[in-house]
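Beneath this line is the structure, given in structure tokens, with notes to follow.
The values are calculated or read from the model by the stated rules, or taken from the named source; none is laboratory data. The structure displayed is predicted, hence computed values, not measured ones. Here the Cβ positions follow ideal geometry from the backbone for every residue, glycine too, while neighbour counts run over all protein chains shown.
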Amino acid sequence: MKLGMVGLPNVGKSTLFNALTNAGAESANYPFCTIEPNVGIVSVPDVRLEKLRDMYDPEKFTPATLEFVDIAGLVKGASKGEGLGNKFLANIREVDAIVHVVRCFENDNIIHVDGSINPRRDIETIDLELIFSDVELIERKLDRTKKAMKGDKSLAPQVEFLEELKAFMEEGKAARAFEMTDEQREWLKETPLLSLKPVIYAANLSDEDFTNGVEKNEHYNEVCEIAKAEGSAVFPICAQLEAEISDMTDEEKEIFLSDLGLEQSGLDRIIKAGYSLLGLISYLTAGQPEVRAWTIKKGTKAPQAAGKIHSDFEKGFIRAEVVSFDDLMACGSMTAAKEKGLVRSEGKEYVMQDGDIVLFRFNV
Ligand SMILES: Nc1nc2c(ncn2[C@@H]2O[C@H](COP(=O)(O)OP(=O)(O)OP(=O)(O)O)[C@@H](O)[C@H]2O)c(=O)[nH]1
Ligand SMILES: [Mg+2]
């Protein structure tokens, strides 16, 4: 699962990416510093997993992970090849969700490609490029579907849907704002529309605004308004501050943050939000050899979840022994949880829940 950092040039994408991943991507005060995408893996913070680590003292500890991709900046006309154009859009096509970095900090020393701080304009610029590029894709799909419809009349509803969607997007609206049924969504499966991907806005603030109350920053409020209207999430962030503290030990970080009157850095929240935005949950396995989180889509049933560990677990699935995290913690140990009858035996139709602690029984 991949999240792509998207935004105008020089707004802090690579700085935020570095803070998230410690990957050391190049970041500098000029537009188009990034050309080739940088890729980094981050652990998804999970307090439950840490508590299990305390309980089991395992040899191996393996949190869930997400992939972040730091993509080159987009400018007006990118869909027509401006800036470095279409190549960047292709990088965005490969991600599952977008972290849209929006500059909200004033600083005359840091170049803004359009000369002033204006999140509404900036968000529109990026969105329009995604939308233009999508409309081209839809036109091609529409042509193909119309041709195919000559031999297969059942495609008529698809043609109608594509025409409606195209008209909607030609008004400059993102596909994610178009209400569609599951079936219609399925029709778009082979057409990876950029503006259909879920978005988290990362509002990049100055360290003063970030520490002194984000709602005092009018630019930030504007991003919130835009996000609210389309049902997206917003996270305030100070990329520079995050980059500074990402090098610190946990202890140093804690002291530094509490000096600033902050509880936690903004990164954990972005990572967690990304995880849930992608419709992902974790189930956990715990033992002395390893305490580990496994990533599955919400709604996954027990055998398929078992298949994440090994295909044999799915093929030879017998049952899952499941205890909820809270029950296990309340009992203090797996043995005690079993004695109290809190370890359930679940079958093939069981839908896995976030935070389930599981032992799969299988037979090959
Ligand atoms: N003051 C301040 N400067 C920042 C902040 N975030 C980034 N910068 C600076 O802005 C400049 C651009 O940052 P990058 O992270 O390279 O920007 P980018 O979005 O990756 O840019 P491109 O790769 O060119 O598209 C660098 O000089 C950063 O130090 C911030 O929160 N505050
Ligand atoms: Mg960059």
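Report those strands (runs of 3 or more DSSP E) wholly inside segment 280-339 carrying at least 2 residues which are touching a residue at least 60 places away in the same chain (Cβ under 8 Å) and touching a Lys or Arg at 6+ places or on another chain (Cβ under 7 Å).
Once the strands (runs of 3 or more DSSP E) in segment 280-339 are filtered for at least 2 residues that are touching a residue at least 60 places away in the same chain (Cβ under 8 Å) and touching a Lys or Arg at 6+ places or on another chain (Cβ under 7 Å), what remains is 280-286, 290-297.
Quickly run through segment 2-51 and pick out the residues that are polar (S, T, N, Q), near ligand 2 (Cβ under 9 Å from one of its atoms) and farther than 19 Å from residue 110 by Cβ.
38
Which of the numbered conditions does residue 206 fail, given that it passes all the others? Conditions: (1) in contact with a Phe, Trp or Tyr (Cβ under 8 Å, 6 or more places away or on another chain); (2) surrounded by fewer than 19 Cβ atoms within 10 Å (Cβ to Cβ); (3) without any contact (Cβ under 8 Å) to a residue 60 or more places away in the chain.
Here residue 206 meets the rest and fails (3).
Evaluate segment 191-202: report whether one residue or more is out of contact with any Lys or Arg (no Cβ under 8 Å at 6 or more places or on another chain), surrounded by fewer than 20 Cβ atoms within 10 Å (Cβ to Cβ) and at pLDDT below 95.
no
Of 262, 359, which residue is out of contact with any His (no Cβ under 9 Å at 6 or more places or on another chain), at negative phi, without any contact (Cβ under 8 Å) to a residue 60 or more places away in the chain and not in a helix (DSSP H, G or I)?
Sole residue among the options that is out of contact with any His (no Cβ under 9 Å at 6 or more places or on another chain), at negative phi, without any contact (Cβ under 8 Å) to a residue 60 or more places away in the chain and not in a helix (DSSP H, G or I): 262.
Between 65, 15, 34, which is of a type in the set (Val, Ile, Thr), under 16 Å from residue 274 (Cα atoms) and either within 10 Å of ligand 1 (Cβ to nearest atom) or within 19 Å of the chain's Cα centre (by Cα) (or both)?
On the way: 15 fails: under 16 Å from residue 274 (Cα atoms); 34 fails: under 16 Å from residue 274 (Cα atoms).
Result of the check over 65, 15, 34: 65.
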